[in-house]
Amino acid sequence: MKYIELLKNIEDIELYVIVFLLLFILWFIANTITYYKGEKRKIKHLHRFAKENDIEAQYLLAHRYHKGIMIKRSCQNAAFWYQKASHAGNRDAEGFLAKILRKKRC
């Protein structure tokens, strides 16, 4: 009750709402930028580990290329990394590679 009475007495509630919305938008933009920087960092590390013959990194990188997750979609790159992972023994990569080769597209 105390807070409701306080809100009734506030004359410039629109100003408070605008300030709150502005702060929320700034917070949202900052968190979005942080998220995308983190995702780009993950992709950079996936490339590094995939080149060092990490089977899981090769598969995950291929999957990102295949689906276009935070990276430009590329069937050629997806097939390349699926092939590297499948030669190393990843069964899931073999299935996706076969699907890409059957369809001749992603």
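Each reported figure results from applying straightforward, stated rules to the coordinates on display, with no laboratory input. Worth saying up front: this structure is predicted, and the values here are computed from it rather than measured. Heads up, the Cβs are rebuilt from the backbone with ideal geometry, glycines too, and the neighbour counts pull from every protein chain shown.
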Note to self: Compute, for the chain, the length of the dipole vector about the Cα centre, with Cβ point charges of +1 (Lys, Arg) and -1 (Asp, Glu) only. Units Debye, rounded to 20.
What the structure shows: 1020
Next item on the list: Could you rank the peptides 27-37, 80-90 by their average count of other C-beta atoms within 10 Å per residue, with the highest value first?
Entry: 80-90, 27-37
Checklist line | Alpha-carbon gyration tensor eigenvalues x 5, square-rooted, for the chain, Å | finding: 50, 14, 12
Check: What list of ³J(HN,Hα) values in whole Hz, one per residue of the stretch 84-96 in order, does the Karplus curve 6.51 cos²θ - 1.76 cosθ + 1.60 (θ = phi - 60°) give from phi, with Gly and Pro shown as x?
Finding: 4, 5, 5, 5, 7, x, 7, 5, 4, 5, 4, x, 5
Next item on the list: Only helical DSSP H runs with n ≥ 4 go in: add -39500 (n - 2.57) per run for the chain, normalise by residue count and round the 222 nm mean residue ellipticity to 500 deg cm²/dmol.
Entry: -27500 deg cm²/dmol
Note to self: Quick check: pseudo-label points 7 Å beyond the Cα along Cα→Cβ at Trp27 and Lys67, how many nm apart are they?
What the structure shows: 2.9
